[in-house]
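**Student:** Take this structure first; my questions come after.
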């Protein structure tokens, strides 16, 4: 029992004496635990189900949990390796003084136990606190009580405890492996052991380039937004793998190529720079890759969620081009006119002016366009045809004439065609649908429902047909194919009124109060929508996403700062001896400082540059995913992305300025 207490006390003493190294490690572990708990807690929050777009948000949060899990294993193994590297001498001294490796294992075991207990208790506590603070901040941010629940998630606590207990146990086993495979004299020499020149692992470097290139190719070539959402996860994993492999092996391979160029390599400045960079990349490659991935995450999250929040009014207008709308399914024109008259009578009764209005009937269903003259509607669509999927929308010539004031005469087999998102093959002046050929009288530049179309999601072909009877026939034919998933013919009446938000909401509520029983008595399926009523839900979703992006961005930035701090200490300790050696071989202090400064700057800013490239390449695929959230303002997204990079770049430079002082303080001792 006394021996157990001895090892426990010794472990506690070791941690206290190595506080300068252990404190950043504890901070690292606590932040990582807190990050995971918060993400897991939010993904399990039942309040999310009450929000519009809940499926997308939950998918994003679950992806975040997986990314943090992968990141935690890499990140904590990296920071622990730095800690152990600087304690090798200590372990070697214990070994020389008579402490066997099994005794060292007990000491390390207690140190790992302390680390696990402190990290999990403090991390979960911080996570719960920050989770609640985030809820309060989001509530204040969007000025209402949102659906994100104010609660402690037992499931998230359980998941966090299991994951990090396994992780810390694996780190413990890794340290034991390192101690058992190292000779006592090597432990005693620790970081003073001479390092062999790193070897170029060409196969791994090529694999990294292949992964990165494939990830880039997917991001740049995907066209369909639905496919983009699926391939985005694949591209992210490939880019992460490629980044790690290229930083660890690709950089060494590149420097080896420079070394093979004798004219370039055997020059004083180049010789020192290339040789120094080779050892720096060997020691810091994983840390630099971590910084790069974290920086990319920050840029993507902040730019995308910021764009959504700033463009929320555009989203509202896309959902509701008019202040309110009333719609009914499968009714004749006379019944539809009765609904229109009911709305107008209410406005007159309440002395409210309808400033703008629009009414029409349409039917819309999906199909595929073969690129020639065929629109194919099938219930067994091949997944390989996903890029050819399109929407087919039909309105009558009567509604088109009322909308444009243009009088056009059509036969039953003639149409006016509107193309939105993809052109129709100019070699054909007709198209075939359901085995019937329709002649295209001409292409038109304006269409009644174009303000409701989102070509970024799916191209749409709008067809003006001769009458509603043809629309009814099309409805019946697609019903035969799609069965219970068929599309109805819908009649819309959309209005703007003269009044503030409260007036709009009250008017909509009163009209809907009368319209709903009217439709129910006649067994008419109906629907209503009000921009002001939906505003709250939209702000809930996008406000929550924006704050989540900012919050996680700050956490990842803190993690980046911590890695950079470790890297600067590690390089400072290594460069201290190099600094002295280079002066002994004849280099002036100014030359030594210049050589080291140039290497440090290259290594330090390389992750930021690569993160910028990652973000730029990811822009097309993220833009398509944003279209699924109804943000189609590309200019706004570009500005937000560029602004995020500039702001993060300034923060990055400030981090360098502060941590560089620690580095230069170490090498001057």
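The values are calculated or read from the model by the stated rules, or taken from the named source; none is laboratory data. What you are looking at is a predicted structure, and each value in this text was computed from that prediction instead of being measured. In this analysis, Cβ positions are derived from the backbone assuming ideal geometry, glycine residues included, and neighbour counts consider all displayed protein chains.
**Student:** Tell me which residues, restricted to region 512-536, are farther than 19 Å from residue 319 by Cβ and within 43 Å of the chain's Cα centre (by Cα). Show your work before the answer.
**Tutor:** We begin by selecting, within region 512-536, every residue farther than 19 Å from residue 319 by Cβ; these are 513-525.
Within region 512-536, 513, 515, 516, 524, 525 qualify.
**Student:** Looking at (1) at pLDDT 90 or above; (2) farther than 26 Å from residue 223 by Cβ, which is the one condition that is false for residue 418?
**Tutor:** Going through the list (1) at pLDDT 90 or above; (2) farther than 26 Å from residue 223 by Cβ, residue 418 breaks only (2).
**Student:** May I pose another question? Just one of the numbered conditions (1) over 24 Å from residue 353 (Cα atoms); (2) free of Cβ contacts under 8 Å to residues at least 60 places away in the same chain; (3) assigned to a helix (DSSP H, G or I) is not true of residue 556; which one?
**Tutor:** Condition not satisfied by residue 556: (2).
Matching residues to (1) modelled with pLDDT under 75; (2) closer than 28 Å to residue 5 by Cα; (3) outside any loop (DSSP other than H, G, I, E, B); (4) outside the structural domain of residue 538 (by TED's automatic domain parsing):
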residue	(1), (2), (3), (4)
105	no, yes, yes, yes
111	no, yes, yes, yes
117	no, yes, yes, yes
127	no, no, yes, yes
146	yes, no, no, yes
163	no, no, yes, yes
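**Student:** Check whether at least one residue in region 285-297 is within 32 Å of the chain's Cα centre (by Cα) and closer than 30 Å to residue 520 by Cβ, and report yes or no.
**Tutor:** Looking through region 285-297, none of the residues is within 32 Å of the chain's Cα centre (by Cα) and closer than 30 Å to residue 520 by Cβ.
**Student:** Specify the residue that is modelled with the highest pLDDT; the eligible residues are those in region 614-640 that are over 16 Å from the mean Cα position of the chain (by Cα) and not in a loop (DSSP other than H, G, I, E, B).
**Tutor:** Once the filter is applied, the top-ranked residue is 639.
**Student:** Filter region 29-46 for residues that are in a helix (DSSP H, G or I), surrounded by fewer than 24 Cβ atoms within 10 Å (Cβ to Cβ) and modelled with pLDDT under 80 and give the result.
**Tutor:** Matches in region 29-46: 43, 44, 46.
**Student:** Which of (1) outside any strand (DSSP E or B); (2) over 38 Å from the mean Cα position of the chain (by Cα) does residue 315 not meet, given it meets every other one?
**Tutor:** Looking at each condition in turn, residue 315 falls short on (2).
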